[in-house]
Amino acid sequence: MLAMILAAIEGTLGLAACIGAAIAAIGAGIGIGKIGGAAMEAIARQPEATGDIRSNMIVIAALIEGVALFAVIVCILAMFV
């Protein structure tokens, strides 16, 4: 009986980890999409600042990707622990 309960909990933790990783990836995609849209709008308003806007956009997108990757790794590790 205890083995069945532990197996059910383990399966639920795996499912929760997969859902958490998916939410992290979706959130990162939405965030980077918003950054790209805002950067294109800013470039359209001030074309002379294109280089600064683009470099800032790339830095922020890389930070979001790093956080998303960290979240996915934590979810995967939670599945195996």
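Within region 18-40, identify whether any single residue is in contact (Cβ under 8 Å) with a residue 60 or more places away in the chain and open to solvent by 30 Å² or more (accessible area, probe 1.4 Å), and answer yes or no.
yes
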statement: Restricting region 41-69 to residues that are touching a residue at least 12 places away in the same chain (Cβ under 8 Å) and among the charged types (D, E, K, R), the one nearest to residue 80 (Cα to Cα) turns out to be 65
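The values are calculated or read from the model by the stated rules, or taken from the named source; none is laboratory data. All values reported here derive from a predicted model rather than from experimental measurement. Cβ sites come from the backbone with ideal geometry, for glycine too, and all protein chains shown count toward neighbours. Each accessible area value is taken on the protein alone, full model and side chains, heavy atoms only, with ligands, DNA and RNA left out. Shrake-Rupley method; radii C 1.70, N 1.55, O 1.52, S 1.80 Å.
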